[in-house]
């Protein structure tokens, strides 16, 4: 084994660093206390470089694997990065950098009188924990190791919800925690059954050994149910809006953009890599129906919200619904007509573009709260004049939610739609159209208010630093850019994806 | 399918684990008090671990067993304690701030949320 | 030799179990906290001690037998302390105390 | 095992009885006590299944520490209630479930819960019956490479060598649980001491125990840490014992509980994962992979990691029980 890292295979050596970096960050920030001001930003930048390097190595050399400690599977834990992992890693890093810049205006480890600030300090290690949990999930090829990474994610994410110390967020955080815990236990239960049946938890080994039988079905059902609870998928979704809507804006952005995607990512891994036969089954239709219910109910509820942050949170429920349409759409294909590819690429692309759009929306809502003192949609008149960058970003991100060109959301929904129509399954297409219309209604409802001219010019209660507005705009621009140059991410996504990604974009 | 395997030693503990999970799920749904819910989640966790332990015992009956699941279960127990500590502190804080020890009914009314901010 | 050791084990462990049983009957049947404490701590300490004595000959190393004794000592220490604390709390809170059959 | 054919069924029956009690019994306090008994019985079940390491962990952490946490939660809730003047102390009167403000689920929810939990249990029983014979596992693989790890206990080899990465993440999870607990401090109290009061009178039995037990506890803790390389034991069990000793000394009023802002405390929290991480990174040049140990020095490295972990685990567990800071920083 010696020489693996320093030899030609530098890329594999980088994988573990993607988890080491944020963990080391948390361990550093804690003793540094109020002197930790600059550390997180340096780490976020380093993380972006690292994620880019990993993606680059995947791009030129294909799938990367690294056996931790030199112990190969099934005895040890193997890290594995294919195109999908690399894309998720990059998305995470690209969202975290602007969110970090945005959050610096709100969370300072040192208070004005030079003491250590509770929220100002703890926000940063908690972010590092979320980041480590995300990277750990995206890179691990071992089902139990993923369980530990998911728990790290949960235990770092839940305190973020209550970080501002508002009493109203406590119940939301508890509901979130209970759902997440039950979800991980169900997931672990499925993993235990797989271990009992096949004697390994390594995804690659399992993919060869899993048969299409009753015990696989029970394990798959348990794991999927657990992960649905963690993803806030209908009908296990009610914990999400109060938790995401009540958290500080920077935390909401991370929770809605990235954290729920980790468990979604796992559902994709399980269904496409481990239990591909399920895609042709009624189970996939059930997932799709849940998705459809989420799209419609989430959008309608978003329409009825009086506050922007809650509107954005309910819109997350709806947008998560689209992700689950990929399961029924991927099934039923033949070699001549590979529905799988279009549905898979569409679903993943939606997850990525929604991450950028939603992060931008939550940060924008946070700026409105800071700048004009509230986020009541009815009283937004004049906001476009006072905070033009934020409202512009809202419009751009809104394109992705509605699925209008040019945006990443358009490409994603277009892929899903064409798959649905090409395979003659009109029902799913109708749901997507309806969801798009509803999204347009709630986006324009906000824009309409914000662009209206007020009777008196809107006065900012507190100045908003330029860098925070730029962070919001940057995220919105990325979500649009994805729609303009989709080819690069698509080629990256297809690396090592096996049957699921062939013929994706073309 | 072999029903006989349920009546071996590991089978017995596997079934006990399965039933403990069922009892825990029931308690989690039905009991409103948050300390009860935390107990119920821990009960589900213990059941999951016991079932996994039965799996390990099948691979190598008697003292020792399969050490890989054992190590995972130890990790799982520590993780469960971590989550319990956080949940307990949240419950405590909720009780001090609001006097409640249960979650409010589904929080769908935006007015409730508006009051909070 | 082994038969004699086995006999010692059986006798002492059974005796220990009897005291555990007695202690638990007392816990269920006695009228107030103090008497229940009395039953529990006395009988359990004795029961644990007898079980320990019964198991000592079965250890393959004298050091392990000593560890068993340490278990007994720690068990008694814990029982004594907890008994004290509970009894004190009964007095401090003024809980009802049994004054003999009415 | 064959001498008492009824031992396992009886144990399983009692385990399930305490499980039902923990859910169904009238007061929350009694439910917590039932759960602790459940946990201790689970520890016996682990011995029956030949998993002594797990039994130790379950008894110390699953039943012991979890129980302490839940009991202190119930007691502190009762104190809040008493402060508000709407209820009685916990040991005398039952903690009402539900409290006056807590809604009960409707009949529909209850029936749904019964159906759902029965379905889950039935599916799992079926899944257990479906497990294949002969059972697959990794017993042989673990044994065949044990010599490269330098430790003799297979479980310790899995925890710190083969799957050391899990354990690294696990200690980080534990640390984040503490950060989560701390994050619930009121801003004005940040930097102060956790809310563990010492209750002992200086000449009382508690103070006596607090003086008598720590040396023994310390010895047991170090022993558990050391024995982990050979037989059941290790950093987590040792850390639990040390945490208990520490809390005892605090409650006996012998040592003050440190402020959460203290730099030495912060360093004690991170030393375990930091040493783990550093040795893991040294694995790149030494053995060509993250967390790779050269067989020649594997044992030394594992002992170093375990020593750091024991310190951090003891500190974190103790502070988790102590809770969020409640005293203002002076």
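What follows is calculated from the coordinates using simple rules that are stated; it is not laboratory data. What you see is a predicted model; the values in this text were computed from it and never measured. Positions of Cβ are backbone-derived with ideal geometry, glycine not excepted, and every protein chain shown enters the neighbour counts.
Taking the inverse of the average 1/r across all pairs of different Cα atoms in region A:412-481, what Kirkwood radius in Å do you get? Walk me through the numbers before you get to the answer.
Values: mean 1/r = 0.0634 Å⁻¹.
It is 15.8 Å.
Per the Cauchy relation, a quarter of the hull surface: what is the mean projected area of the convex hull of the alpha carbons in region A:281-506, in nm²?
Numbers: hull surface 48.2 nm².
That works out to 12.0 nm², a quarter of the Cα hull's surface.
Could you work out, residue by residue across A:161-173, how many beta carbons of other chains sit within 10 Å of that residue's beta carbon, and then give the average as an integer?
Average neighbour count from other chains, rounded to a whole number: 6.
Over the alpha-carbon set of chain D, work out the extent along each principal axis and list the three values in angstrom, largest first.
65, 58, 38
For region C:1-68, what relative contact order do you get, as a whole percent, if you take Cα pairs closer than 8 Å and at least 6 residues apart? Don't jump to the answer; show the numbers that get you there.
Numbers: 65 pairs, mean separation 28.1, N = 68.
In percent, rounded to a whole number, it is 41.
Can you divide the C-alpha Rg of region C:2-93 by 2.2 N^0.38 Å and report the result to two decimal places?
Normalised Cα radius of gyration, region C:2-93: 1.26.
Can you quote the Å³ per residue value for the convex hull of the Cα atoms in region C:1-53, rounded to an integer?
Cα convex hull per residue, to the nearest whole number: 39 Å³.
Sort A:260-269, C:70-79, D:169-178, D:112-121 by the packing proxy (mean of other Cβ within 10 Å over each peptide's residues), most packed first. If you can, show how the numbers build up before the last one.
On the way: A:260-269: 23.5, C:70-79: 14.9, D:169-178: 27.6, D:112-121: 16.4.
Most protected by this proxy first, the peptides run D:169-178, A:260-269, D:112-121, C:70-79.
Mean projection of the alpha-carbon convex hull of chain A over all orientations, in nm²?
Averaged projected hull area, Cα only: 22.4 nm².
Using Cα pairs under 8 angstrom and six or more residues apart, how large is the relative contact order of chain A, in percent?
Answer for chain A is 15 percent.
Per the helix-only calculation at 222 nm, which mean residue ellipticity applies to chain B, given -39500 (n - 2.57) for every DSSP H run of n ≥ 4 and division by its residues, nearest 500 deg cm²/dmol?
Estimated from H runs of four or more residues: -26000 deg cm²/dmol.
So for the protein assembly as shown, Kirkwood radius off the Cα pairs, Stokes-Einstein at 4 °C and 1.567 mPa s: how many µm² s⁻¹?
Here the translational diffusion coefficient equals 44 µm²/s.
Mind checking Rg over Rh on region A:228-329, alpha carbons, Kirkwood formula for Rh? Provide the component values of the computation, followed by the final result.
Values: Rg = 13.8 Å, Rh = 13.7 Å.
A ratio of 1.01.
What is the gain in length, in nm to one decimal, between residue A:209 and residue A:49 on full extension, counting 0.36 nm per residue of separation less the C-alpha to C-alpha distance?
Values: separation 160, 0.36 × 160 = 57.60 nm, distance 3.69 nm.
Fully extending the segment from residue A:209 to residue A:49 adds 53.9 nm.
Based on a Kirkwood Rh over C-alpha pairs, give the Stokes-Einstein translational diffusion coefficient of region A:390-506 at 37 °C and viscosity 0.692 mPa s in µm²/s.
Numbers: Rh = 16.6 Å.
After rounding, the answer is 198 µm²/s.
Over all directions, how big on average is the projection of the convex hull of the alpha-carbon atoms in region B:3-104, in square nanometres? Each step should come with its number before you reach the end.
Working: hull surface 28.5 nm².
For the Cα atoms of region B:3-104, the hull's average projected area reads 7.1 nm².
Relative contact order for region A:281-506: what is it in percent, counting Cα pairs under 8 Å that are at least 6 residues apart? Don't skip to the end; give the middle numbers.
On the way: 388 pairs, mean separation 62.0, N = 226.
In percent, rounded to a whole number, it is 27.
Which order, highest average first, do A:135-143, D:136-144 follow once you tally other Cβ atoms within 10 Å for each residue and take the mean per peptide?
Details: A:135-143: 27.3, D:136-144: 17.8.
Sorting A:135-143, D:136-144 by mean packing, highest first, produces A:135-143, D:136-144.
Please compute the average number of Cβ atoms from other chains found within 10 Å of each residue's Cβ in peptide D:313-320.
2
Average partner chain C-beta neighbours within 10 Å, per residue of D:57-66?
Per-residue shielding by partner chains comes out at 6.
Let me test this: with uniform point scatterers at the alpha carbons of region D:212-330, what is the Debye-based log₁₀ I(q)/I(0) at q = 0.13, 0.15, 0.19 1/Å?
-0.58, -0.73, -1.01
By per-residue mean of other Cβ atoms within 10 Å, what is the highest-first order of A:286-292, A:13-19, C:22-28, D:298-304?
So the peptides A:286-292, A:13-19, C:22-28, D:298-304, ranked by packing, come out A:13-19, A:286-292, D:298-304, C:22-28.
At 222 nm, what helix-only mean residue ellipticity would chain A give, in deg cm²/dmol to the nearest 500, using -39500 (n - 2.57) for each DSSP H run of four or more?
Counting only the DSSP helices, I get -23500 deg cm²/dmol.
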